[in-house]
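Please read the structure below before turning to the comments.
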Amino acid sequence: MEDENSIMKADYKNWMPQGMINSFAAAAVVCWVLFWIINNFNLLTIQPTKSIVSVALLVLWILLLLMTVWMFLMHRAFSYDGKRQMSKQIIEGISAYVNVPDGGKCLDVGCGSGALTIACAKKNPNAEFVGIDRWGKEYASFSKNLCENNAKAEGVSNVSFGQGDATKLSFVDETFDAVTSNYVYHNIPSKDRQAILLETLRTLKKGGTFAIHDIMSKGKYGDMEAFVKQLKDMGYEEVKLIDTTNGMFMTKFESIWMGLSGSAILVGRK
Ligand SMILES: C[S@@+](CC[C@H](N)C(=O)[O-])C[C@H]1O[C@@H](n2cnc3c(N)ncnc32)[C@H](O)[C@@H]1O
């Protein structure tokens, strides 16, 4: 049975899943063991096959080891318990842009563990927050249940969570007074991520506000300056793309080594 303390403290998990780090570390160990066996027992005697397999295993071992260290450092930087607490800084930074009128409703797309939904709900106690996620694919530790337990642990009741797909939201046009999202769309295999942004904005009421943070590099999103202009031409107001790698959420150096270059928050009003 779950003890009471385990549900008293919110657990937002980590954007770099521990399971993934463990898998890479285990694969590195397997490579090293195979390399050692091949070179210490006469299981593979034919040359040049033995040399080719040995070199391949060694290269693979080095790559896996480097990946494991990189992922471990990311995990440590993101951790809510660690010194850097980068995830917390980003979530709080985005929530500062989410202002929902009393009685209003806000959507958080790809809510994961509920961190952003709950942070926004705390800031706007008289509004209602809906978090949706497709859960159960690459981020195995995130779930609806986890979101609900986190909301309970934080003492937040103006939230609800449900299964959903960012590419095809199940809400009619102009449902929400605000929409938000953090580091979701770059995970979605798509040639047109601007179309996913428009799908989110479809659910926003006229006059509603948006704050969407992601890796909005040219490679992932295409020309975002042109997208900002497109929104303005469509009648959106105060549309801005704010670079968050200039110290706002992370340093330029962090964005580079963590693969987060191009991180920006798209804000504005419909
Ligand atoms: C890096 S996590 C971020 C979670 C959360 N936004 C946060 O800030 O803590 C990315 C999330 O996007 C979700 N996701 C990926 N593709 C999605 C899709 N097509 N529809 C909804 N959620 C999606 C994943 O399940 C995962 O929870």
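Read-outs: derived from the displayed coordinates by stated rules, not from any lab. Since the structure is predicted, the reported quantities are computational estimates derived from the model, not experimental observations. Every residue, glycine among them, receives a Cβ derived from its backbone with ideal geometry; neighbour counts consider all protein chains shown.
Can you give me the number of residues within the stretch 61-112 that are among the charged types (D, E, K, R) and within 30 Å of Leu204 (Cα to Cα)?
In the first step, residues of the stretch 61-112 are kept if they are among the charged types (D, E, K, R); the result is 76, 81, 83-84, 88, 92, 102, 105, 108.
Subsequent filtering for residues that are within 30 Å of Leu204 (Cα to Cα) retains 88, 92, 102, 105, 108.
Of the residues in that region, 5 qualify.
Within the stretch 238-258, which residues are touching a helix residue (DSSP H, G or I) at 6+ places or on another chain (Cβ under 9 Å) and either without any contact (Cβ under 8 Å) to a residue 40 or more places away in the chain or farther than 14 Å from Met216 by Cα (or both)?
Step one: of the stretch 238-258, the residues touching a helix residue (DSSP H, G or I) at 6+ places or on another chain (Cβ under 9 Å) are 239-241, 244-246, 248-250, 254, 257-258.
Those that are touching a helix residue (DSSP H, G or I) at 6+ places or on another chain (Cβ under 9 Å) and either without any contact (Cβ under 8 Å) to a residue 40 or more places away in the chain or farther than 14 Å from Met216 by Cα (or both): Val239, Lys240, Leu241, Thr245, Asn246, Met248, Phe249, Met250, Glu254, Trp257, Met258.
In the stretch 36-67, how many are under 26 Å from Met20 (Cα atoms) and touching a residue at least 12 places away in the same chain (Cβ under 8 Å)?
Residues meeting the conditions: 9.
Identify, please: which residue in the stretch 123-147 is free of Cβ contacts under 8 Å to residues at least 40 places away in the same chain and surrounded by fewer than 16 Cβ atoms within 10 Å (Cβ to Cβ) and is, among those, nearest to His213 (Cα to Cα)?
Selected residue: Lys123.
Just name the residue that is surrounded by the fewest Cβ atoms within 10 Å (Cβ to Cβ) out of those in the stretch 157-177 that are more than 15 Å from the ligand (Cβ to nearest atom), touching a residue at least 12 places away in the same chain (Cβ under 8 Å) and not acidic (Asp, Glu).
Taking the stretch 157-177 as the starting set, the residues that turn out to be more than 15 Å from the ligand (Cβ to nearest atom) are 157-158, 160, 172-177.
Subset that is touching a residue at least 12 places away in the same chain (Cβ under 8 Å): 158, 160, 172-177.
Next, only the ones that are not acidic (Asp, Glu) stay: 158, 160, 172, 175-176.
Working: Asn158: 19, Ser160: 16, Val172: 8, Thr175: 17, Phe176: 26.
Once the filter is applied, the top-ranked residue is Val172.
Here are some residues: Ala96, Ala119. Which one is crowded, with 19+ Cβ neighbours inside 10 Å, within 22 Å of Ser263 (Cα to Cα) and over 14 Å from the mean Cα position of the chain (by Cα)?
Values: Ala96 fails: crowded, with 19+ Cβ neighbours inside 10 Å.
On inspection, the qualifying residue turns out to be Ala119.
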